[in-house]
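Please read the structure below before turning to the comments.
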Amino acid sequence: MKNIFTVLIVFSSPCLGQSNHISTITSSYQASRFLKDTSMTGVYDAAHKVMHIEGKISGTVTIQNAIIEANPYIQIADTTVTFINCKTKEFSSAWYGAKSTNADNSVQLQKCINTCIKNGIKNLYIADNYSYSQTLKAFNISNGQYIGWALNIYGDGDRWDDRQTLHYTGSGIAFGVQLAKGGSISKLTIKGNYKPPKNTGPVYYNTPFPVKPGNSGIVIDYDGSKNTGGSTGFFIEDTDVDGFDVLYDISPNGATYNADIIHLNNIHCGNGRIGVRSGQAQEKDNEINGIFSWGSIQVLIQIGKSGKVQAGNYVVRGGNVAGGCVQLFDISLSGWNSFHVYGLYAESIARIGTIYARTDLYNPTAGLNGLEVKFQTPDNAGAQTLFTGNSYKIIFRDCDMWYYDGKKGNPMTWAGNFTFDNVDFGGGVWNNPGLINIKHDNSGANTSIHSQ
């Protein structure tokens, strides 16, 4: 089958290493192989045929109706090249010229994201380590409103392997996702420049970390100016986010609600102030399955304190927390949705934190099941209130909680109203002077303890 053009101008017959120049291509094309660098202008219609590219296409050109075939580790187009109604099983970050040697890959990476979403390409492969300075945004707009889209953005690493790292050098949001309907971010490391305080003992565990408003790693639903509906069915998996005020942030904009089926699976929290933060209303079936934190972090999970200051339904299953985490939870259940934890291990933390469940209108359940905690010792963390709650429906069940050094007789202070059911305290002595709404037995003989 011969190639068919309406207009084709080729300047000279290029030798090896020289490039073609094709100008103003306007009609259909049966098949194409671009083996050398090629300069093009106008519109190029591939007529839904395979377009095999080994060289780089440059110039201001629109390529449409192509099935793209190319090596995922080479550049195939300048950012002046636009693909419309094109297909490929996997788009590559290298195709628009992102390189590990570039000081700033913001334009190239954003062009890849936009191209995938506009063409309905479902997979974007991050092929290397990249630095960039501008927020990367995954979104779709029609008639001035956000509309749904789905894109899987991924590398080859996992929560421990920094094989592909996106290093954000700016001061705002590193990666923003808006009104996703499906899709995922996976197997990537995203690093910022936030520096937590050094662990110097009691001062570290009792002084709030510095706040950098708006400095976040991955943000789901960052903009509330056009829609109030949120993302659905978006997964973040096998990721490592490190060096931000908030590492994983769900709807901080104050307008978005109804973010459902948001799953964070096997996520690593590096250094930051807050690990996972969420504040959308009416969230349902949101899960954190495997959360790991071995860095310096003030609060691992905070819900109901940002955005619309409302809390949705979250389930946390499994995880390992160690190193410099100060507090596990800061939870405010202002509606009817519950919060449940299963099988979380944490050591060297100062306190479990706070869960407030009861309001004037609602009293949802909050369950901490199979929680195993080794608290940082009072000598290292100072005097701590280990947990504060406000409802008998906040239940610790089948938990083990003791101090890291294993010594018996260390004081344990609890506050508020909640329930212990089959909980072992490892020889800690309760220290609750004047507190009458929690019954306990300091001898340790009674490990089923209930609030008034």
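Some notes on this structure:
- Surface/4 estimate of mean projected area, convex hull on alpha-carbon atoms of the chain, nm²: 23.8 nm²
- For the chain, share of DSSP beta bridges that run antiparallel, in % to the nearest 5: 5 percent
- Legend: translational diffusion of the range 310-433 by Stokes-Einstein, Rh = Kirkwood radius over C-alpha pairs, 25 °C, 0.890 mPa s; D = 168 µm²/s.
- Gyration tensor verdict on the range 304-345 (Cα atoms; rounded if a/c is under 1.5, prolate if a/b is larger than b/c, oblate otherwise): oblate
- The alpha carbon gyration tensor of the range 117-204 gives principal lengths a ≥ b ≥ c with a/c of 1.5 or higher and a/b greater than b/c, which makes the shape prolate.
- Shape category assigned to the range 231-304 from the gyration tensor of Cα positions, a/c cut at 1.5: oblate
- Rounded to 10°, Cα long-axis angle of helix 106-119 versus longest principal axis of the chain: 80 degrees
- Loop-located chymotrypsin sites (Phe, Trp or Tyr not before Pro) in the range 114-178 (DSSP state not H, G, I, E or B) with no more than 13 neighbouring Cβ atoms inside 10 Å: Trp160.
- Accessible-area composition of the chain, carbon plus sulfur, in percent [1.4 Å probe]: 51 percent
- Efficiency of FRET between Val211 and Thr60 - r from beta-carbon atoms, R0 45 angstrom, step 0.05: 0.50
- Given a 1.4 Å probe and the protein chains as shown, Thr385 ends up with an accessible area of around 60 Å².
The values are calculated or read from the model by the stated rules, or taken from the named source; none is laboratory data. Everything numeric here is computed off the predicted structure, so don't read it as measured data. Heads up, the Cβs are rebuilt from the backbone with ideal geometry, glycines too, and the neighbour counts pull from every protein chain shown. To get the accessible areas, we keep the full protein, side chains included, count just its heavy atoms, and leave off ligands, DNA and RNA. Shrake-Rupley method; radii C 1.70, N 1.55, O 1.52, S 1.80 Å.
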